[in-house]
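Single-structure report; data block below.
Readers should treat all values here as calculations from the given coordinates under stated rules, not as data from a laboratory. Every value quoted in this text rests on a predicted model; they were computed, and no experiment measured them. Cβ coordinates were reconstructed from backbone atoms using ideal geometry, including for glycine residues, and neighbour counts include every protein chain displayed.
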Amino acid sequence: MAQPQRIRQWLSARTIATLAVISILAACTPGGRDARPGQAGPPKPVEKPTGPDEADRQKVAVLVPTTGPNAALGQSIANAANLALLDSGNRRVRLTVYNTAGGAAAAAQRALAEGNRLFLGPLLAPDVRAIQGMSRAANVPILTFSNDASLAGGGTYVLGFQVDQSVERVVSFAQGRGVDRFAALVPAGAYGQRASSAMIDAVEKSGGRMTAIATFTRDTRSLTSAVRKLTGADAPAARARVRPDGTVARVAPETKGVPFDAVLVADSGKIALAALPVLQKNGARGVRLLGTELWNTEPGLSRVPAMHGAWFASVPDDYFRQFASRYRSRFGGEPYRLASLGYDSVLLVNRVAAKWQAGAPFPQAALRDSGGFAGVDGAFRFGGSGVALRALEVQQVGAGGFNVVSPAPASFK
């Protein structure tokens, strides 16, 4: 069981102290929701800290793409990592960015040759798989920014946001507000499969009834067909009877009309906006819409009155707004939403640094602290699987933006 008092002390005494630097140096104005940063000139160079001799510093490699199609996101994460180091004033840690665009394995080999004892990144799942063997052999753990939970284990820790956690949180909240019958629209692919499995489990756990799940590809015809199947306007939707492990899920009995009170759209806010009129046209007007963490980068949701009242679960945004303001002041542009993972990974390193001797293996046992860690994205801890378990809040879409209707827990239970 987690230690509630301990997590509160960490939030107030350390991370909030670090984030207070942001509050002092930057105004707490809303911003940073957009997934893509605005146009900006080249980032200002990061000052080289002075202090401990090079031999006394812990060497940490940031493995991200800084060229190629994912360069902007990779650079945003790297900028955020450097910003965290500057904000904390920790001069015992040396960060070095290695470009993975030319091959993650080559970048990791270079990082190992230069004495790095911890990898922050890579960003992409194939890149993580490419370096896991050498990282295990060298006893250098990986804190990846990927959201692929299958990567975890054997010295790999997954920091990326997990759709199953988001689905469980919003379903539990909805059931507590009286929603009993659930349906889901999920995209084809790995993300949709995880969302579908999580939805079945979450509905059963909450005591609700799962009526149907329909899968779509990201085009108008497929989405329309999926909605029609879901609402019963077309052929019956594929019933959620069988889980991936072969066990049978509970299915609600057949009902007349639209057989659900709420429907999860497990995709981006733009897809939710595209699905809305099709749902309304096919008898689902007034049905509660539910979303995942992907929605919190789509401010356009609040401009559509029919979306008002929709719920989605996400990491808290309060500290991200402060971080985004500080980032803009430093680098002249908007951070990607995922840049917070770079910032928080360095906060985690800072906390562990006192127990980490320069040149020694990174103390992985410290990552299993049941009290957890905290940062821009709120409280989190690594479970036995090595995947970050996050304290999520539920937000409601309204005319003025997103409003918190269920705050993120301050501790783990």
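For the reader, a short list of remarks on this structure follows.
- Extending 7 Å from the Cα toward the beta-carbon at both Arg368 and Lys270 defines two label points whose distance is 4.3 nm.
- Calculated from backbone phi, Karplus (6.51, -1.76, 1.60) coupling profile of region 59-71 in Hz, x at Gly/Pro: 9, 10, 9, 9, 9, 9, x, 10, 9, x, x, 9, 4
- FRET efficiency, 1/(1 + (r/R0)^6) with R0 35 Å, evaluated for Gln193 and Met134 via beta carbons: 0.75
- Cβ-based net charge around Ala262, under 13 Å, with every Lys or Arg adding one and every Asp or Glu removing one: +2
- Measure of compaction for region 101-141 (Cα Rg per 2.2 N^0.38 Å): 1.01
- Inter-site label distance for Ala55 and Gln396 at 7 Å from Cα along Cβ, in nm: 6.2
- Around Ala284: net Lys/Arg minus Asp/Glu count, Cβ-Cβ under 11 Å: +3
- Inter-label distance for Arg285 and Glu204, nm, one decimal - labels placed 7 Å from Cα along Cα-to-Cβ: 3.7
- Model label zone, Val405; criterion: amide N under 11 Å from point 7 Å along Cα-to-beta-carbon; scope region 271-305: 288-291
- Extension gain, Gln109 back to Ala71 (0.36 nm per residue minus Cα-Cα distance, nm): 11.6 nm
- Charge tally around Ala138: other residues with Cβ under 15 Å, Lys/Arg +1 each, Asp/Glu -1 each, net +3.
- Annotation: peptides 157-170, 297-310, 364-377, ranked by per-residue average of other Cβ atoms within 10 Å with the highest first, follow the order 157-170, 364-377, 297-310.
- With the cut-off at under 17 Å, measuring from each backbone N in region 164-191 to a point 7 Å along the Cα-to-Cβ line of Thr217 picks out 186-191.
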